[in-house]
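Read-outs throughout are calculated quantities, based only on the coordinates presented, and are distinct from any laboratory measurement. Quantities reported herein were computed from a predicted structural model and do not represent experimental measurements.
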Amino acid sequence: MANGMLPNRDQKTGIRYGVIPAHATDGWDERSEPEYEDDGSNEDGDGDLLEPSAWVVNEDGFHAFTGGEGGDIFVTLSPYFTRAKFCSPCAPGACHLLNPNADGERAYCLGHEWFEGPAPYPVYRVDTGEEVKHEST
């Protein structure tokens, strides 16, 4: 805990970051944009193309990212939350969205629109706390 800040938690709201494998969503590859280190350029000093350092979504009240080649998505801001169990020690303080738990911690999550069917966890609005039902239910 550096400088009294808790890891993987929104310091303003206390809501924890949610973590979910990119392959568990529908459309991460199409929605996310590459992000490059240093000056934001996708070329090095010799004009060679660089690999992105992360893939990011920053729109519609969401901020989420994966490192490099993908893997796990960290949801660091969202209009939605769910309750879930903590992740492994690899992401201290964050919650694993595929491990929902009614008594778990609040964690930012992706809405139903990120999945072919309903989200694999209950979805609640951050501003009201009300559950958001999938269109088909």
The ³J(HN,Hα) series, computed from each phi in the stretch 12-22 with the Karplus coefficients 6.51, -1.76 and 1.60 at θ = phi - 60°, rounded to the nearest Hz and given as x for glycine or proline, is 7, 9, x, 6, 7, 6, x, 10, 8, x, 4
Based on the alpha-carbon gyration tensor of the stretch 58-105 and its eigenvalue square roots a ≥ b ≥ c, which shape applies: rounded if a/c is under 1.5, prolate if not and a/b is larger than b/c, or oblate?
-> oblate
